[in-house]
Every structure is written in C-alpha cells, then in structure tokens.
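We did not get these values from a lab; they are worked out from the coordinates using the rules stated. Computed from a prediction, not measured in an experiment: that's the story for all the values here. Cβ placement follows ideal geometry from the backbone for every residue including glycine, while neighbour counts extend to all protein chains displayed.
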Ligand code: IPE
Ligand code: IPE
Ligand code: MG
C-alpha cells in the first residue's frame with residue numbers, strides 16, 4: 001500500500017502522533033522491519049499476573065503493529081516469536097505459547113485476509129508441536145496470494161542454526177557436484193537462508209530495553225539500523241512504531257562509505 005498524507009492522518013489521529021507525522025518522509029519508510037518482541041513476562045509481573053497473561057496481551061500489540069505497518073507502507077515485518085533458546089523455559093510456559101499460536105492463527109485468519117497479509121514462518125520445524133506447525137502451514141497456504149504485507153514469524157528460530165542449515169545445504173550441493181566451492185558468495189549464502197528472497201531488515205526494533213540481538217537474524221542484520229525502546233511489548237503501539245520509523249529516517253546509513 002502506498003500511504004498518502006491524508007491516509008496517514010486518518011490513521012494517526014492522536015496529537016503526539018501528528019507531531020511525529022509531520023517529520024515523516026513517506027517515500028523513505030523502511031522496507032523491512034524486524035522486531036524482537038520482548039517484555040511480556042515483565043508486563044505480566046508488573047500486574048501480578050502469570051507470564052501467560054503477558055503473552056496473551058502481546059497478541060494485541062502484534063495486531064496493532066501489522067495494521068500500522070500497512071498504513072506506513074512497510075512491506076515486510078518479521079517478528080521474533082519463539083527462539084531456539086526459549087525451550088529453556090518451564091514446559092508450562094512453552095505449552096501456553098505453542099497453543100496460543102494455534103488459537104490466534106485460527107481467530108485472526110479473516111482479518112489477515114482482509115488486510116492482505118501473507119504469513120510465512122521461519123525456523124526449524126523439529127521440536128515444534130505438530131498442531132502448532134500445522135496451524136502455521138495452513139495459514140501460509142491460505143494467505144499465500146496476499147500482497148499488501150509479508151508477515152514473517154520466527155518460530156523455533158535461531159540465527160546460528162539458520163546459518164548451520166544453510167551451510168549444510170550448500171555443502172551437500174558441493175559434495176554432490178552441483179556447486180563448485182568457488183561459487184559460494186554472499187548472495188548464494190543469503191539464498192540458502194530461511195529468508196531467501198526477502199530483503200534484509202532495514203530496521204530492527206527491540207522492546208523493553210535489552211541491548212542485545214538474542215540470536216535473531218544474525219546474517220541479515222549486518223547493516224540494519226537498531227532501535228531499542230523501554231516500552232514492554234504488550235504496550236507497543238502505533239506511536240512507538242512511528243517513533244522508530246521517524247528515528248530511522250534521521251540515521252545516516254553509510255554502509256561503510258565515507259559521508
Ligand atoms: C517475549 O517476552 C516473548 C517471548 C520470548 C516468547 P518475554 O517472555 O521474554 O518477557 P520478559 O523478557 O521475561 O519480560
Ligand atoms: C528473545 O527474547 C526471543 C523472543 C523475543 C522470541 P528473550 O527474552 O528470549 O531473550 P533473552 O533471553 O533476554 O536474551
Ligand atoms: Mg525476554
């Protein structure tokens with residue numbers, strides 16, 4: 001979707017948003033925003049609620065983010081929803097998350113279709129409960145023709161594992177004589193990652209203040225701009241996304257060249 005001043009003003013109506021909006025350059029929004037949705041547990045703890053309540057509340061922020069991304073004309077959103085390290089959490093919390101995915105994918109299908117959102121899942125299938133994987137595969141199939149925004153869900157995702165999987169695939173081709181080692185270059189590696197065909201993120205957002213990547217898209221974020229906010233994920237709003245994008249637009253992306 002190509003936003004206009006009018007369409008943006010109709011969506012961002014709050015006074016604090018309007019001030020930011022006046023600074024936004026419509027033609028220069030990031031093409032791909034990747035988000036480390038962190039802070040669900042802290043959000044729940046602040047309210048004396050179980051962690052599961054924080055994860056449930058986080059769904060609303062995903063909905064708000066996708067709707068806002070569409071309004072801004074962002075083409076790709078990747079959301080870190082479960083890392084390959086998150087299996088270290090108590091089984092009860094993992095179970096809640098795995099069944100929450102199924103529930104939400106089923107409930108939100110109509111809305112995904114209405115908004116024109118294409119869902120893709122990245123990560124290793126192993127260990128993910130079959131019902132959860134099946135719900136994602138069904139959603140991928142049902143939304144495959146949508147073109148407004150691609151929503152990539154990182155599930156049982158680890159950046160290092162992704163690079164290992166790509167390396168294995170490339171090594172297998174080399175061993176099979178399909179590929180000569182001299183043909184291995186950055187483009188070829190990229191095309192063997194889970195994100196093959198997806199542009200690298202321009203902007204990485206992490207909520208709730210932690211200053212680390214936690215094994216997220218290690219190869220792809222080589223030159224991404226980072227934006228970290230204190231907002232806990234369930235409280236993340238269109239205002240926060242707008243703040244991130246306006247801040248992103250103030251950066252000088254040099255890619256190693258001199259300015
Ligand atoms: C992020 O919130 C959601 C997932 C990792 C699934 P957390 O659950 O990590 O929340 P905090 O960091 O404990 O507050
Ligand atoms: C990163 O958050 C993973 C997701 C948001 C899914 P974590 O809460 O797992 O990260 P750490 O443990 O603080 O690095
Ligand atoms: Mg966390």
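Beyond 25 Å, the tail of the calculated P(r) for the range 91-222 holds 38 percent of the Cα pairs.
Can you put 117, 205, 122 in order of Cβ neighbours within 10 angstrom, beginning with the fewest?
Values: 117 22, 205 28, 122 18.
Sorted ascending by nearby Cβ count, the order is 122, 117, 205.
Quick one: check the C-alpha center-to-center distance for the range 160-236 versus the range 34-49, whole angstrom. When both Cα centres are located, 25 Å separates them.
Taking the helices alone, the chain has a mean residue ellipticity at 222 nm of -14000 deg cm²/dmol, built from -39,500 (n - 2.57) per DSSP H run of at least 4 residues and averaged over all its residues. Shown for 95, 235, 180: other C-beta atoms within 10 Å of each C-beta, ranked fewest to most, produce the order 180, 95, 235.
Going by C-beta contacts inside 10 Å, put 155, 20 in order with the fewest on the left.
Numbers: 155 24, 20 16.
So the residues, fewest neighbours to most, are 20, 155.
Packing-based ranking of 224-233, 24-33 yields 224-233, 24-33, ordered from highest to lowest mean Cβ neighbour count within 10 Å.
For the chain, relative contact order (Cα pairs under 8 Å, six or more residues apart, normalised by length) works out to 28 percent.
Convex hull over the alpha-carbon atoms of the range 1-154: what's its volume per residue in Å³? Present the calculation step by step, with values, prior to reporting the outcome.
Numbers: hull volume 19.3 nm³, N = 154.
With only Cα atoms used, the range 1-154 gives 125 Å³ per residue.
Eigenvalues of the alpha-carbon gyration tensor of the range 131-175, scaled by 5 and square-rooted, set the equivalent ellipsoid semi-axes at 27, 14, 12 angstrom, largest first.
Over all alpha-carbon pairs in the chain, figure out the percentage whose distance exceeds 32 Å.
Working: 7844 of 33411 pairs.
Tail of the P(r) past 32 Å holds 23 percent of the pairs.
The slack in the chain from residue 167 to residue 247, taken as 0.36 nm per residue of separation less the alpha-carbon distance, amounts to 25.3 nm.
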